[in-house]
């Protein structure tokens, strides 16, 4: 605030709390100089929530003491800290090799956020499950069938033979054993079957991956046959 804005703020406070009014010209000049020295870097208002007049009015309503410059400066510092704490530096638009321009844009963005002329840029949270998937991404996945390109999937075959064999079996129309829960080792859908390690006392000491249990294959085949029958019934009807 400049001296004119400080004078307007003091006049507003004087209307609400006459105790702050200075009738002597010298005292009024000293008061104006003191407030300008302490609040010279504090704006009167910003487009995003800060208002020095509202801060002064709130203090007068809730405190029995006269308004001091610190009663305006402290909320302003809290306002700045809160905005900077919620700000996540966006990637500057300048050439990253130009360090001076890169730093200048970062500093300028932070200053704009701190002074209330720009909103904090918050980083997008990582979503879990399918609820946060974009509809455009869903349409694209339905179009290509998988988020892994075919060339990359073929290159990964030597490093995950079990998954490659499973995908090949599904492509041939065979049942997918991992689509059901194993009733033998209690492996959940999508998880490989496991073999229990039994100690000398007969207690389980751990588990290790193993080949798919035959009962799980039978259960997957029965489920696939049931689904095929359900899809054929409406066509026959």
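Just to be sure I understand the filter: pairs with C-beta atoms under 7 Å, separated by 6 or more residues or on different chains, first member in the range 221-237 and within 21 Å of residue 181 (Cβ to Cβ), second member modelled with pLDDT of 80 or more and surrounded by 11 or more Cβ atoms within 10 Å (Cβ to Cβ). Which pairs pass?
Correct list of pairs: 221/175; 223/180; 224/175.
Examine the range 107-118 for a residue that is exposed (fewer than 12 other Cβ atoms within 10 Å of the Cβ) and not in a helix (DSSP H, G or I), and state whether such a residue exists.
no
I'm trying to understand the selection: among the residues of the range 22-41, which are without any contact (Cβ under 8 Å) to a residue 24 or more places away in the chain, part of a helix (DSSP H, G or I) and either under 43 Å from the mean Cα position of the chain (by Cα) or closer than 13 Å to residue 52 by Cα (or both)? If you could, list the steps in order and put the result at the bottom.
Initial filter on the range 22-41 (without any contact (Cβ under 8 Å) to a residue 24 or more places away in the chain): 22-31, 33, 37, 41.
Imposing the further condition that a residue be part of a helix (DSSP H, G or I) reduces the set to 25-31, 33, 37.
The one that is without any contact (Cβ under 8 Å) to a residue 24 or more places away in the chain, part of a helix (DSSP H, G or I) and either under 43 Å from the mean Cα position of the chain (by Cα) or closer than 13 Å to residue 52 by Cα (or both): 37.
Within the range 9-21, is there a residue that is free of Cβ contacts under 8 Å to residues at least 12 places away in the same chain, under 16 Å from residue 72 (Cα atoms) and under 41 Å from the mean Cα position of the chain (by Cα)?
Kept after step one, since they are free of Cβ contacts under 8 Å to residues at least 12 places away in the same chain, are these residues of the range 9-21: 11, 14-15, 18, 21.
From the residues that got through so far, the ones that are under 16 Å from residue 72 (Cα atoms) too are 11, 14.
So of that shortlist, the ones also under 41 Å from the mean Cα position of the chain (by Cα) come out as none.
No, the conditions are met nowhere in the range 9-21.
The values are calculated or read from the model by the stated rules, or taken from the named source; none is laboratory data. As the structure is a prediction and not an experimental result, all values here were calculated from the model. A quick note on method: Cβ atoms are made from the backbone with ideal geometry, for glycine too, and the neighbour counts reach across all protein chains shown.
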